[in-house]
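Data block below; observations after.
Read the figures in this text as sums done on the coordinates, not as results from a lab. Quick caveat, the model's predicted, so the values are computed rather than measured. Here the Cβ positions follow ideal geometry from the backbone for every residue, glycine too, while neighbour counts run over all protein chains shown.
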Amino acid sequence: MSGFTIAISALIAACAYLSTIRMIPRFKDMFIKAGLYGKDLCKREQPQIPESFGVLIGCAFLVAMFLFIPIPFTFEEAALLDVKTGAKPATFPHEEFAEMIAALLSICCMILLGFADDVLDLRWRHKLLLPTMGTLPLLMVYYVNFNITTVIMPKFARPLLGYSLDIGIFYYIYMGMLAVFCTNAINILAGINGLEVGQSIVISASVLCFNIIELALGHQVDCHKFSIYLMLPFLAVSLALWKYNKYPSQVFVGDTYCYFAGMTFAVVGILGHFSKTLLLFFMPQILNFLYSVPQLFHFVPCPRHRLPKYDASTDLLHISTTEFHPEKLNKLGLLMVLVLKKLKLISWQQQSDGRVITNNFTLINLVLVVFGPVHEKVVTQFLMGLQVICTLCAMVIRYPLASYFYDT
Ligand code: UD1
Ligand code: MG
């Protein structure tokens with residue numbers, strides 16, 4: 001029966017793709033009239049592009065999910081009503097039903113909060129608080145349904161810590177932080193056409209492949225089916241958005257999409273019980289976050305926009321820069337920039353007055369530091385390629401290598 005529900009999910013996803021692809025162009029003017037637009041900073045004329053299309057995409061996803069909900073909870077064997085009495089069977093999957101509703105509540109909440117961020121341009125501390133709040137319904141359902149807070153130790157740590165360790169409340173803190181990380185990590189690996197959607201498409205396709213492999217192996221079938229039900233429509237609406245957001249962008253996704261995508265991944269990772277594997281698919285985002293730490297925590301000045309600088313004469317992207325006096329940085333900040341300089345991971349131009357000019361610490365700028373000025377489209381393709389390579393590495397770590405650390 002699971003083949004049937006997955007087929008229906010795929011069918012609904014295909015319909016969501018077709019209707020979203022038709023809807024996006026029709027809403028462009030409406031968004032501009034509502035003042036929802038941004039300048040495409042990496043173009044000669046810096047055209048006004050309608051922004052926050054994540055809200056439309058998120059709604060299309062929610063509608064697809066709402067239409068799908070009755071399928072597993074009406075036609076699946078465990079949920080079938082008694083033909084004679086019409087009574088609900090004792091096997092009705094109440095827990096899975098609650099999970100699905102809580103998952104959609106968290107995602108819906110995040111779309112709302114992301115849209116608020118787009119409209120109100122919230123401060124960074126709010127960007128950390130919002131996903132934490134959005135994830136509470138999810139944590140609640142996890143608490144009621146599972147409340148499993150035991151972590152299996154890798155083989156090498158077992159002599160010291162035992163086979164498993166109950167980390168209690170810290171497991172909930174970890175899950176909350178996972179949602180904060182996923183939402184913001186996509187939002188800060190952004191600023192060139194197609195990148196936010198491109199990375200989300202690769203991640204969701206990777207999650208789907210992983211779910212299908214696990215289903216085929218017969219591992220935790222219900223968890224992986226649950227993830228597929230969410231990932232299929234997510235991938236479909238993201239592919240529709242990609243058509244209009246890829247270079248040259250006709251629409252921008254806004255923070256709404258970044259939050260929506262991040263929360264959807266966090267939801268499947270948490271309720272699908274594969275948050276560690278999910279983090280493997282987030283390797284480029286983790287690298288970008290670690291590289292960004294000196295600027296995110298203000299050890300080094302962080303401008304409002306860190307996206308690359310456009311050169312109109314060559315149509316190429318150059319690094320965008322920040323500057324500081326090394327002697328004015330605190331000890332930790334200085335240590336960080338010196339390590340990055342030593343590893344040749346940042347550009348370094350010492351001025352006669354002692355100032356240092358470096359690139360902004362983002363993966364996009366790092367690509368430009370290593371390869372020199374390149375076209376915007378090429379940078380997006382490069383970073384999407386990196387995302388695919390990371391998925392392949394993740395699969396190697398997850399399957400052949402994991403057996404060295406865990407009993408698989
Ligand atoms: C995050 C980044 C910021 C980056 C911005 C780009 C951090 C701490 N913040 O901020 O450095 O500049 O995303 O999205 O890393 N834009 C383009 N082309 C694109 C996409 C966006 O020019 O392909 C510009 C547009 O002017 C658009 C704006 O970026 O209006 C959106 O920025 P916003 O999402 O508000 O920035 P943040 O998420 O706060
Ligand atoms: Mg953003």
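Compute the length gained on full extension between Ser2 and His126: take 0.36 nm times their separation in residues and subtract their Cα-Cα distance, giving the result in nm to one decimal.
Length gained between Ser2 and His126: 40.6 nm.
Relative contact order of segment 250-352: what whole-number percent is it, with Cα pairs under 8 angstrom and at least 6 residues apart?
Computed over segment 250-352, the figure is 15 percent.
Report ³J(HN,Hα) in whole Hz for each residue of segment 177-191, in order, from the Karplus equation J = 6.51 cos²θ - 1.76 cosθ + 1.60 where θ = phi - 60°; Gly and Pro get x.
My calculation for segment 177-191 gives 5, 4, 5, 4, 5, 4, 5, 6, 5, 6, 5, 9, 9, 8, x Hz in order.
Please work out the Cα convex hull volume for the chain and give it in Å³ per residue.
Dividing the Cα hull volume of the chain by its residue count gives 164 Å³.
Mind scanning Lys127/Lys246; Lys43/Lys243; Lys43/Lys377; Lys43/Lys127; Lys243/Lys276 and naming the pairs with a C-alpha gap bigger than 22 Å?
Listed pairs above 22 Å: Lys127/Lys246; Lys43/Lys127; Lys243/Lys276.
Over segment 151-250, what per residue volume does the convex hull of the Cα atoms give, in whole Å³?
It comes to 142 Å³ per residue, whole-number rounded.
Please give the calculated 222 nm ellipticity per residue for the chain, where each DSSP H segment of at least 4 residues contributes -39500 (n - 2.57) and the sum is spread over every residue; nearest 500 deg cm²/dmol?
Theoretical 222 nm ellipticity from helices: -20500 deg cm²/dmol.
To the nearest 0.05, what FRET efficiency results for Leu296 and Val144 with a Förster distance of 35 Å applied to their C-beta separation?
0.50
On a 0 to 90° scale, report how tilted helix 376-396 is relative to the longest principal axis of the chain, with both axes built from alpha carbons and the result rounded to the nearest 10.
Roughly 50 degrees between the two axes.
With a sphere of radius 12 Å drawn around the Cβ of Phe92, what net charge do the other residues whose Cβ falls strictly inside it have (Lys, Arg +1; Asp, Glu -1)?
-4
Where Lys and Arg each count +1 and Asp and Glu each count -1, what net charge lies around Leu338 among other residues with Cβ under 14 Å from its Cβ?
Net charge around Leu338: +3.
Give me the extension gain from Lys344 to Ile389: residue separation times 0.36 nm, minus the current Cα-Cα distance, reported in nm with one decimal.
13.9 nm
Can you pull the Kirkwood radius for segment 13-141, inverse mean 1/r over Cα pairs, to one decimal in Å?
This gives a value of 17.7 Å.
Counting only Cα, what are the radius of gyration and maximum Cα-Cα distance Dmax of segment 148-197, in Å?
Answer for segment 148-197, Rg first and Dmax second: 16.8, 50 Å.
Using 1/(1 + (r/R0)^6) with R0 = 51 angstrom and r between the beta carbons of Ala312 and Leu161, what's the FRET efficiency to the nearest 0.05?
With a Förster radius of 51 Å, E is 0.30.
Where does the charge balance sit around Met23 when Lys and Arg score +1, Asp and Glu -1, over other residues with C-beta under 15 Å from its C-beta?
+3
Report the Cα centroid-to-centroid distance between segment 151-186 and segment 206-282 in angstrom, as an integer.
21 Å
Please compute the length gained on full extension between Met133 and Asn330, using 0.36 nm multiplied by the number of residues separating them and subtracting their Cα-Cα distance.
67.6 nm
Straight-line reach from Lys88: which aspartates and glutamates have a Cα under 12 Å away, not including same-chain ones fewer than 8 places off?
Glu77
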